[in-house]
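Remarks on the structure that follows.
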Amino acid sequence: MSDENTPDAPTKSHGRISIRASLQPRDLMAEPLHVKSAWRAKIITLMPDAFPGILGQSLTGKALDLGLWALEILNLRPYGVGKHLNVDDTPSGGGAGMVLRADVLDAALTDAAAGTRPDRLRWPLIYLSPRGKPFNQAMARRFAACDGLTLLCGRFEGVDQRLLDHHEIEEVSLGDFVMTGGEIAAMALIDATVRLLPKVLGNEASTVEESFSDGLLEHPQYTRPAEWNGLTIPEVLTSGNHGAIAKWRQAQSEAITKLRRPDLWQAHLRRKS
């Protein structure tokens, strides 16, 4: 966790950033340029050095460098109060742990709102929380269709409820478990969303044929060698009969979904009826 920033200092950015005033000389040739229309993710966090992390690698990292999306990190610590820049306090009513203060987070959210749309349908404001609505592929598609989003990474026992209510913050969960903070969850959400942006994957068909794209789990995949450890590729996949291959893959997806995810299977049946 870095405490070197001040509230007046520019936020740390990754990917293509705009040229702007700075108190210290910067090598602008070493920084990629900011593409103004790129989809943007703004992260409010006490762990700014955790980013970009895995998002800076592989396809998401390449897309970040190309300016297909942009990542802006806002360090919460400088918004803290008092000599020690405290960002949290004890829970009202007693209890273990600490709660992130509404006034501190409000100041950070105000700065993060610069350059974004007030319309939550175009620019969602999200708090990563285990009590939120479960994140899924449909949600990732919704976020990818927006101009960008702002993610609040929680720590300790959570966030003052007044802040969530005042800013109409959407709570999103990765699943029924608790983590030490929202940073890893933020990376997972961004990764799932960014890969749906145009030109990020290169092969647009990949996002159509994968798990959850039609509400079912993906069918098994095979590749060379044709025989491995005495095991062969299903004959239909090497037949060249594309109609038969499509039917086989659909049947496999249905069978796997029915076995492993009865909830998805029942939802699939309801959609068909």
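The values are calculated or read from the model by the stated rules, or taken from the named source; none is laboratory data. All values derive from a computational prediction rather than experimental measurement. Positions of Cβ are backbone-derived with ideal geometry, glycine not excepted, and every protein chain shown enters the neighbour counts. The protein model used for the area step is the full one, side chains on, heavy atoms only, and it has no ligands, DNA or RNA in it. Shrake-Rupley method; radii C 1.70, N 1.55, O 1.52, S 1.80 Å.
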> Would a scan of the range 48-70 turn up a residue that is of a type in the set (D, E, K, R) and closer than 22 Å to residue 113 by Cβ?
Replying inline: no
> So, in the range 199-249, of the ones that are assigned to a loop (DSSP other than H, G, I, E, B) and hydrophobic (A, V, I, L, M, F, W, C), which residue ends up modelled with the lowest pLDDT?
Replying inline: 205
> Does the range 151-182 hold any residues that are among the hydrophobic types (A, V, I, L, M, F, W, C) and open to solvent by less than 80 Å² (accessible area, probe 1.4 Å), and which are they?
Replying inline: 151, 152, 153, 159, 163, 164, 169, 172, 174, 179
> Applying the selection to the range 255-273, what residues are surrounded by 13 or more Cβ atoms within 10 Å (Cβ to Cβ) and in a loop (DSSP other than H, G, I, E, B)?
Replying inline: 261
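Residues that are without any contact (Cβ under 8 Å) to a residue 60 or more places away in the chain: list the strands (runs of 3 or more DSSP E) wholly contained in the range 107-173 that include at least 1 such residues. Step through it out loud before you land on a result.
Numbers: elements: 125-134, 148-153, 170-173.
Those strands (runs of 3 or more DSSP E) span 125-134, 170-173.
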>> Given the criteria among the polar types (S, T, N, Q) and part of a helix (DSSP H, G or I), does residue 252 qualify?
In response: yes
